[in-house]
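The values are calculated or read from the model by the stated rules, or taken from the named source; none is laboratory data. Source: prediction; values computed, not measured. So basically every Cβ, Gly included, is an ideal-geometry build from the backbone, and we count neighbours across all protein chains shown. Each accessible area value is taken on the protein alone, full model and side chains, heavy atoms only, with ligands, DNA and RNA left out. Shrake-Rupley method; radii C 1.70, N 1.55, O 1.52, S 1.80 Å.
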Amino acid sequence: MLELCNISTKYGQIPMLMEVSIKVDKGEAVCLLGANGAGKTTVLKTIISMVKPIKGEVFFNGQRLDLLPSHKVIQAGIAIVPEREGLFPKLTVENNLLMGAYYEKDKQKINHRMEEVLTIFPKLKERFRRNAGTLSGGERKMLGIGRALLADPQVLLLDEPSLGLAPALVHEVYAVIERIKKEKNLAILLVEQNALKALSVVERGYALQKGGIFLEGSSAELRENKIVVESYLSSCSV
Ligand SMILES: Nc1ncnc2c1ncn2[C@@H]1O[C@H](COP(=O)(O)OP(=O)(O)OP(=O)(O)O)[C@@H](O)[C@H]1O
Ligand SMILES: [Mg+2]
């Protein structure tokens, strides 16, 4: 469904991604692990065409995404929850959620999606008329995910959803990811440094180091891999 084929990118003259190939099928959850600066966010930015590859292609259901402007990629059915959620602090929770359905003109569809999202996130229902700027870190994360779901995407890209959250909230966010996975037939690409948590919800994964994929395999294979254990699992106990 979503496929990156031999993607290389540069920031100015500096090479970043090198020959990165990643596949995510319909209904499948896949993680992309990597330390700080490995290039994880760059992979997501390349998928949504914010970073243009110097080599390689990105396909979505056979269509080239890297040739499209970002808003067309979003309209094609890809939604992203960025690292810092990218919310509008002075807008209400309701209006932040509605921004996710920006390209949908059918009011009934929007209402239906809103109901669905508020069922998944009852806290957002309580905070519906409050400004997003007044929310806690965990609530902001939920709002970021909720907004992405209002686009009714086929692919959900999540950039480090556990980052900066207390362990209890990390559990809550992951319970929600698990639920979305079960209830919606989405493809999920989950970017994480928290390998243990990510590997608990996905079927497969890739590990990125210095802009290149150096490992890929099933969750079980990655969990047992010595390099993964030494690089990520030992430092993440949440
Ligand atoms: N717009 C940019 N211009 C120049 N260099 C950049 C830019 N964005 C990222 N970089 C550099 O590219 C490298 C990879 O960045 P990226 O954000 O993709 O890493 P990451 O794996 O998401 O890291 P983190 O875990 O810190 O979020 C880093 O060295 C970063 O400093
Ligand atoms: Mg990042």
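Side notes on the structure shown:
- Calculated P(r) of region 38-146 - Cα pairs past 17 Å, %: 59 percent
- Sum of -39500 (n - 2.57) over DSSP H runs of 4+, divided by residues of the chain (222 nm, nearest 500): -10500 deg cm²/dmol
- Exceedance of the 18 Å cut-off in Cα-Cα distance is limited, within the set LYS40/LYS210; LYS23/LYS45; LYS109/LYS184; LYS52/LYS105; LYS45/LYS210; LYS10/LYS52, to LYS52/LYS105.
- Average accessible surface area per residue within the chain, 1.4 Å rolling probe, Å²: 48 Å²
- At R0 = 30 Å, FRET efficiency that the Cβ-Cβ distance of LYS52 and LYS125 yields, to 0.05: 0.15
- Taking all C-alpha pairs of region 1-46, those more than 11 Å from each other amount to 71 percent.
- Here the relative contact order of the chain, from alpha carbon pairs under 8 Å that lie six or more residues apart, stands at 27 percent.
- FRET E, pair ALA35, GLN108, Förster distance 35 Å, beta-carbon r, rounded to 0.05: 0.20
- With both labels modelled 7 Å from their Cα along Cα-to-Cβ, the ASN95 to PHE214 distance reads 4.7 nm.
- D_trans [Stokes-Einstein, Kirkwood Rh over alpha-carbon pairs] for region 81-238, 10 °C, 1.306 mPa s, µm² s⁻¹: 96 µm²/s
- Translational D in µm²/s for region 144-231 (Stokes-Einstein at 25 °C, 0.890 mPa s, Kirkwood Rh from C-alpha pairs): 177 µm²/s
- Sites excluded, trypsin sites (Lys or Arg not before Pro) in DSSP loops with at most 14 other C-beta within 10 Å, longest stretch of the chain: 131-209
- ³J(HN,Hα) computed for each position of region 179-194 - Karplus, 6.51 cos²θ - 1.76 cosθ + 1.60, integer Hz, glycine/proline x: 5, 4, 4, 6, 7, 10, 8, 8, 9, 10, 10, 10, 9, 8, 8, 7
- Within region 1-111: Cβ-based charge dipole about Cα centre, in debye rounded to nearest 20 (Lys, Arg +1; Asp, Glu -1): 260 debye
- Candidates GLN13, ALA35, SER70 compared by Cα position along the dipole of the chain: farthest toward the positive end lies SER70, with charges placed on Cβ.
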